[in-house]
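What follows is a set of notes on a single structure, which appears directly below.
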Amino acid sequence: MDDRYDPQVIEAKWQQEWAARQIDRTDTDPKKPKFYALSMFPYPSGNLHMGHVRNYTITDVIARCRRMQGYRVLHPMGWDAFGLPAENAAIERGIHPRVWTQQNIAQMRQELQRLGLSYDWEREVATCDPDYYRWTQWLFLEFFEAGLAYQKEAAVNWDPVDQTVLANEQVDSEGRSWRSGALVERRLLKQWFLKITAYAEELLNDLEQLTGWPERVKLMQANWIGKSTGAYLEFPIVGSDEKIAVFTTRPDTVYGVTYVVLAPEHPLTPKVTTSRRRKTVEAFIASVQQESELERTAGDRPKRGVATGGKALNPFTGEEIPIWIADYVLYEYGTGAVMGVPAHDERDFQFAKAHRLPIRQVIIPPDGKASARLKAAYTEPGRLINSGPFDGMDSTAAKAAITEYATTQGWGRQQVQYRLRDWLISRQRYWGVPIPIIHCPQCGAVPVPRSELPVLLPEEVEFTGRGPSPLAKLAAWRDVPCPKCGTLAQRETDTMDTFIDSSWYYFRYADARNSEAPFDPAAIKDWLPVDQYVGGIEHAILHLLYSRFFTKVLRDRQLVHVSEPFQRLLTQGMVQGRTYKNPKTGKYVIPSRIADLNQPTDPDTGEALEVVYEKMSKSKYNGVAPGDVIQQYGADTARMFILFKAPPEKDLEWDDADVEGQFRFLNRVWRLVETFKANGGQLGQPLPTTLTKAEKDLRRAIHTAIKEISDDLEGDYQLNTAVAELMKLSNALSSADCYTSGVYSEGIQTLLTLLAPFAPHISEELWQQLGGSDSIHRQPWPKADPTALVADEITLVIQVMGKTRGAIQVPATASQAELEEAAKQSEIGQRYLAGKTIKKVIVVPGKLVNFVLAP
């Protein structure tokens with residue numbers, strides 16, 4: 001046997017051997033129960049980071065353990081491969097997005113394989129492959145045929161210099177284009193949407209079914225969907241047949257409406273604007289177009305607005321009220337208009353004060369009076385005043401009464417509204433899935449026949465970052481005959497949001513090589529739902545919500561049988577690195593520039609630096625490259641550290657000393673097995689008929705480890721405590737010297753078997769060196785023997801007047817009287833009770849005896 005643990009040699013050897021033997025290929029034996037373990041697939045940026053390592057290692061431990069427990073396990077990997085970075089690379093480096101993406105995939109696949117992750121690579125998918133996006137387009141047509149995909153105008157970020165649409169991430173904090181530096185404008189453009197709002201109620205209600213999801217994630221989704229019950233009310237425009245519609249959760253305040261506000265981009269804005277106010281209104285709209293949605297809705301900035309000159313009628317009071325436009329009202333939200341009730345809404349109060357608009361109080365505290373002059377909006381429940389027939393009514397009851405009154409008068413109705421908006425999927429870029437629609441001047445939007453899918457991305461494309469989408473400039477690709485009537489028509493030149501690709505990939509894994517359909521329903525019925533999904537909390541809303549939406553639509557199209565895609569969800573914490581930051585400037589400093597890391601100072605200013613742990617990032621100079629750790633310590637050490645340092649759902653602080661600690665532990669396991677073999681130990685030795693006390697103690701430690709680690713790998717996956725239990729078992733074996741005993745043999749076999757999901761390479765190597773049959777990863781998971789867990793002796797604590805004076809060993813079956821007597825007769829009892837009168841004895845069976853002495 002080799003006398004030195006060399007992870008680089010061992011790990012490369014076993015990775016090659018496992019690949020040759022296809023040991024990680026998905027088992028399809030129908031007699032076994034299924035388990036689908038899935039990590040969120042990565043964007044192929046080119047390099048793994050420690051967040052990836054943590055995510056994938058957690059899932060790999062679960063997958064390996066379930067295989068050993070007798071499950072057939074689906075554990076695949078793929079690539080969320082479309083996206084903006086590849087197109088940016090094409091612009092900056094002159095490399096085609098496909099080439100850049102494929103190079104990155106090859107590099108990251110190699111890095112994943114170095115980690116010893118047990119993926120079935122035969123099921124690998126990349127969303128940019130035509131074999132994949134053909135079916136993404138096919139599924140889009142399912143949405144289109146169901147009336148769930150449609151076009152409407154929506155605001156986009158427009159670069160007036162480069163004459164192109166920008167993604168939100170291409171607009172800097174000052175609202176300027178990342179490339180041209182021009183102030184970005186908001187423009188209306190016809191775009192594609194998926195009607196997720198049609199499923200809002202089901203998406204909200206079905207959160208209750210997700211008992212295996214963190215409550216935090218479910219709450220985030222519920223808040224994002226944002227269900228509100230209120231009233232839809234209409235305010236007639238003076239001098240027009242049109243009406244301004246609003247939604248409010250406070251119909252009890254409607255008698256206090258003193259103005260209404262339209263979104264600047266609302267279609268009614270130009271209609272209600274008077275000629276005197278037109279220039280002012282148009283100038284204001286132009287300035288608002290340069291603001292992002294985030295800026296417009298920020299709670300800490302003044303609300304800007306201008307009067308249109310138009311008037312609306314408050315049907316409840318009969319008063320004419322002014323119509324304003326303001327930056328904080330967005331056309332995409334609700335009705336694109338709000339009613340102004342400054343006496344009872346803080347934002348409206350500030351706006352009315354700033355623009356000298358009337359403030360009318362219509363609710364007072366239950367036992368209070370109307371204020372002559374409000375100093376702040378009154379937003380609590382109370383009693384109605386100045387509200388016509390509803391005066392004196394409780395405000396909560398008035399909500400329903402006023403809504404009913406509005407319904408009978410034809411002014412409104414009760415309505416449920418959601419914060420959730422339909423999903424805008426259009427992207428004016430090249431590197432994405434082409435939307436399979438042809439726009440015909442005669443027939444309108446016509447779907448590409450399914451037999452002609454995929455609509456392939458053209459290869460000969462010029463990337464400049466300027467002008468319309470590269471696809472829109474390719475006449476040879478764009479201009480085609482209409483599939484219905486043959487008239488010259490144009491392909492849709494928008495591509496799909498990349499969230500579309502990741503909203504169904506978990507279905508494709510179940511039948512990844514199907515060339516006739518996106519998947520066979522039988523394969524979906526076999527594998528779905530995903531039993532354990534693992535990914536970052538940053539995906540709690542969009543990706544997970546869109547995936548749930550996709551699943552429900554495909555169910556209604558009778559393509560799948562499940563209503564929810566992910567049975568259990570684990571959101572792993574971030575990996576944080578030691579970070580050096582100047583608290584005065586906010587600047588991060590590269591550790592290599594700091595003279596003394598124990599007393600760090602800014603090399604440029606001499607100011608003391610703050611040392612904090614923050615999420616690993618290139619910009620913070622606190623990242624640790626997985627490849628460097630694997631090169632120095634091996635993949636098994638990297639895996640063990642990342643599992644041991646913190647519970648999976650908590651943030652993890654990287655510490656080189658702790659990495660070194662795990663490397664030392666694996667070396668101890670190596671030496672333990674080496675010593676076992678050198679002393680004549682062998683696997684599979686029978687247990688002795690009669691066990692010595694040392695053998696009983698060791699066997700109890702072995703089966704305690706089995707029980708505790710098995711428990712840790714269920715429920716909340718407390719993998720850190722599982723690693724701690726492995727260390728305890730290793731220590732117990734190190735302390736024992738009965739190498740040729742069947743108990744010690746059982747201990748070594750158990751240690752390696754329990755270690756296998758965590759550190760797969762060293763476990764396999766030691767198993768083979770001990771003559772183990774087949775692969776250790778194909779061995780059954782050990783089961784705890786309840787009889788081995790029962791102790792012959794227990795430790796009994798002796799207390800006098802509540803203070804612990806020592807402990808003794810006593811038979812586990814001793815009665816209370818026997819425990820009391822043993823404590824009295826012990827050396828500790830003799831020492832502390834001599835010459836004393838015992839007033840009372842308290843016996844806690846199996847734990848302690850406490851003597852209460854007379855004064």
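Structure notes:
- Members of segment 281-314 that are in a helix (DSSP H, G or I), among the β-branched types (Val, Ile, Thr) and either in contact with a Phe, Trp or Tyr (Cβ under 6 Å, 6 or more places away or on another chain) or open to solvent by 60 Å² or more (accessible area, probe 1.4 Å) (or both): THR297
- Inter-residue pairs, beta-carbon under 7 Å, first part of a helix (DSSP H, G or I) and in segment 178-196, second buried (at least 21 other Cβ atoms within 10 Å of the Cβ), 6+ apart: ILE196/TRP423; ILE196/PHE549
- Filtering GLN163, GLN151, GLN137 for residues that are farther than 14 Å from LEU424 by Cβ and open to solvent by 10 Å² or more (accessible area, probe 1.4 Å) leaves a single hit, GLN163.
- Those helices (runs of 4 or more DSSP H) lying entirely in segment 607-718 with at least 1 residues under 25 Å from the mean Cα position of the chain (by Cα): 626-633, 635-644, 693-712
- When ILE798, ILE842 are checked against the criterion of being at pLDDT 95 or above, over 49 Å from the mean Cα position of the chain (by Cα) and surrounded by fewer than 15 Cβ atoms within 10 Å (Cβ to Cβ), a single residue qualifies: ILE842.
- Condition check for ILE359: of a type in the set (A, V, I, L, M, F, W, C), open to solvent by 50 Å² or more (accessible area, probe 1.4 Å) and over 43 Å from the mean Cα position of the chain (by Cα): yes
- Summed over segment 695-718, residues that are at positive phi and either among the β-branched types (Val, Ile, Thr) or surrounded by fewer than 18 Cβ atoms within 10 Å (Cβ to Cβ) (or both) total 1.
So that you can scan it fast, the table gives a plain yes or no per residue for (1) buried (at least 20 other Cβ atoms within 10 Å of the Cβ); (2) out of contact with any Phe, Trp or Tyr (no Cβ under 8 Å at 6 or more places or on another chain); (3) assigned to a helix (DSSP H, G or I):
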residue: LEU457; (1), (2), (3): yes, no, no
residue: VAL480; (1), (2), (3): no, yes, no
residue: LYS484; (1), (2), (3): no, yes, no
residue: PHE507; (1), (2), (3): yes, no, yes
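Conditions (1) modelled with pLDDT under 95; (2) within 28 Å of the chain's Cα centre (by Cα), marked per residue:
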position	(1), (2)
ALA401	no, no
TRP411	no, no
ARG429	yes, yes
PRO434	no, yes
CYS440	no, no
ALA445	no, no
VAL455	no, no
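- Among (1) farther than 22 Å from ARG429 by Cβ; (2) open to solvent by less than 10 Å² (accessible area, probe 1.4 Å) - the single one TRP79 does not satisfy: (1)
- Of the residues contained in segment 226-238, one or more are found to be open to solvent by 50 Å² or more (accessible area, probe 1.4 Å), under 23 Å from the mean Cα position of the chain (by Cα) and on the phi < 0 side of the Ramachandran plot.
- Residue ID - most open to solvent (accessible area, probe 1.4 Å), chosen from residues in segment 772-793 that are in a loop (DSSP other than H, G, I, E, B) and more than 29 Å from LYS693 (Cβ to Cβ): PRO780
- Some residue of segment 463-476 being closer than 23 Å to LYS552 by Cβ and either outside any loop (DSSP other than H, G, I, E, B) or more than 32 Å from the chain's Cα centre (by Cα) (or both): no
- When the residues of segment 549-563 are filtered to those that are open to solvent by 20 Å² or more (accessible area, probe 1.4 Å) and not basic (Lys, Arg), the one that is nearest to TYR613 (Cα to Cα) is SER563.
- Test result for GLN417, under 30 Å from GLU492 (Cα atoms) and either in contact with a Ser or Thr (Cβ under 9 Å, 6 or more places away or on another chain) or open to solvent by 80 Å² or more (accessible area, probe 1.4 Å) (or both): no
- Options LEU488, LEU424: the member that is open to solvent by 40 Å² or more (accessible area, probe 1.4 Å), within 30 Å of TYR333 (Cβ to Cβ), in contact with a strand residue (DSSP E or B) (Cβ under 8 Å, 6 or more places away or on another chain) and not β-branched (Val, Ile, Thr): LEU424
- Entry remark, segment 167-177: residues being surrounded by fewer than 20 Cβ atoms within 10 Å (Cβ to Cβ) and assigned to a strand (DSSP E or B) number 2 in total.
- Residues that are in a helix (DSSP H, G or I) and charged (D, E, K, R), drawn from segment 80-110: GLU87, GLU92, ARG93, ARG98, ARG109
- Filter result for the condition that a residue is aliphatic (A, V, I, L, M), surrounded by fewer than 18 Cβ atoms within 10 Å (Cβ to Cβ), within 19 Å of ARG216 (Cβ to Cβ) and in contact (Cβ under 8 Å) with a residue 12 or more places away in the chain, over ILE594, ILE590, ILE537: ILE537
- All of (1) out of contact with any helix residue (DSSP H, G or I) (no Cβ under 7 Å at 6 or more places or on another chain); (2) of a type outside the set (Lys, Arg); (3) touching a residue at least 60 places away in the same chain (Cβ under 8 Å); (4) closer than 17 Å to GLN137 by Cα hold for ILE500 with one exception: (1).
- Selection status of ALA377, without any contact (Cβ under 8 Å) to a residue 12 or more places away in the chain and surrounded by 15 or more Cβ atoms within 10 Å (Cβ to Cβ): no
- Residue in segment 53-63 that is open to solvent by 10 Å² or more (accessible area, probe 1.4 Å) and either farther than 23 Å from VAL659 by Cβ or of a type in the set (Asp, Glu) (or both) present: no
The values are calculated or read from the model by the stated rules, or taken from the named source; none is laboratory data. What you are looking at is a predicted structure, and each value in this text was computed from that prediction instead of being measured. Heads up, the Cβs are rebuilt from the backbone with ideal geometry, glycines too, and the neighbour counts pull from every protein chain shown. Surface accessibility is based on the protein's heavy atoms, side chains included, excluding ligands, DNA and RNA. Shrake-Rupley method; radii C 1.70, N 1.55, O 1.52, S 1.80 Å.
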